Amino acid sequence: MSDIKPPVPPFTEETAKQKVRMAEDAWNSRDPDRVVQVYTENTLWRNRAEFPKGRVEVHGFLSRKWAREIDYRLIKELWAYTDNRIAVRFAYEWRDDSGQWYRSYGNENWEFNEFGLMQRRFASINDLPIKESDRLFHWPLGRRPDDHPGLSDLGL
């Protein structure tokens, strides 16, 4: 198989953190074509009340998500890891088409195959309406700058 996405399991703390940051960077691109490449062809997801299966359904899910969640900015943080699994907590800020801002908080559990592709992703997410003045994620759209505080630094 030529589709290898390092780092691959078994994970260490360093490689798990690297995998988390790579996922954050990809999702902050808001590019479904880029994001789906790190999942297996038959990936299984649970995201809120949606259960996409496979890259094609995940691509459709992500396209709808980023059309609805405008000005999306995400921070992920490693929570725990084992040989081929990583647990992540995250928060992201976005606004809807009426201009209402939200901060969405959640947890994800990831399972990877031996090639470093994510085969299972389970996400639990809660949305909190916020005032624009309460926003904490102000970097330009795209990758979070290295010097921007993470979740723990922000008290989230």
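Evaluate Rg over Rh across the range 3-85, taking Cα atoms for both radii and Kirkwood's formula for Rh. Expressed as Rg/Rh, it is 0.96. Computed from the alpha carbon positions, the gyration tensor of the range 66-156 leads to an equivalent ellipsoid with semi-axes of 26, 15, 12 Å, biggest first.
If you bin all the Cα-Cα distances of the chain at 10 Å, starting from zero, the percentages per bin are 11, 41, 37, 10, 1. If you count Lys pairs in the chain whose Cα atoms are under 18 Å apart, skipping same-chain pairs closer than 8 places in sequence, the total is 6. Positive contributions from Lys and Arg (+1) and negative ones from Asp and Glu (-1), summed over other residues with Cβ under 15 Å from the Cβ of Ser98, come out at -3. Whole Å is fine, so just give me how far the alpha carbon centre of the range 87-143 lies from that of the range 53-73. Taking the Cα centre of the range 53-73 as reference, the centre of the range 87-143 is 12 Å away. Residues of the range 7-49 with backbone nitrogen within less than 14 Å of a virtual label 7 Å along the Cα-to-Cβ line of His59, please, listed as ranges. Under cut-off, by backbone N: 31-43. Near Ile130, the amide H atoms lying under 5 Å from its own belong to Trp101, Tyr102, Arg103; only residues 5 or more places off or on other chains count, and H is placed 1.01 Å from N. Counting only DSSP beta bridges with both residues in the range 33-146, the antiparallel share comes to about 85 percent. Backbone amide hydrogens, once placed in the peptide plane, bring Phe115 within less than 5 Å of nothing, excluding anything fewer than 5 places away on its chain.
Just so you know, the averaged projected area of the alpha carbon convex hull for the range 61-103 sits at 3.7 nm². For the listed peptides 140-152, 60-72, a ranking on the average number of other beta carbons within 10 Å per residue, highest first, reads 60-72, 140-152. Using the rule -39500 (n - 2.57) for each DSSP H run of four or more residues, divided by the residues of the chain, the 222 nm mean residue ellipticity is -7000 deg cm²/dmol.
Computed on the range 39-124, with alpha-carbon pairs under 8 angstrom and 6+ residues apart, the relative contact order is 29 percent. Label zone of Asn42 (point 7 Å out along Cα→Cβ, amide N under 17 Å): in the range 54-86 this covers 54-58. A crude spin-label estimate for the pair Ala49 and Asp153, with each label 7 Å from Cα along the Cβ direction, gives 3.7 nm. The charge dipole of the chain, taken about the Cα centre with unit charges on the Cβ atoms of Lys, Arg (+1) and Asp, Glu (-1), comes to about 280 debye, rounded to the nearest 20.
Average accessible surface for the range 107-156: 56 Å² per residue, computed with a 1.4 Å probe over protein heavy atoms with every protein chain in place. State the percentage of accessible surface on the range 1-82 attributable to carbon and sulfur atoms; use a 1.4 Å probe and exclude ligands, DNA and RNA. For the range 1-82, the apolar C and S fraction of the accessible surface comes to 56 percent.
The values are calculated or read from the model by the stated rules, or taken from the named source; none is laboratory data. Remember, it's a predicted structure, so these values are computed and weren't measured experimentally. Using ideal geometry, Cβ is built from the backbone for each residue, glycine included, and neighbour counts are taken over all protein chains shown. Ligands, DNA and RNA are stripped out before the accessible areas are found, and what is left, the full protein with its side chains, is counted by its heavy atoms. Shrake-Rupley method; radii C 1.70, N 1.55, O 1.52, S 1.80 Å.
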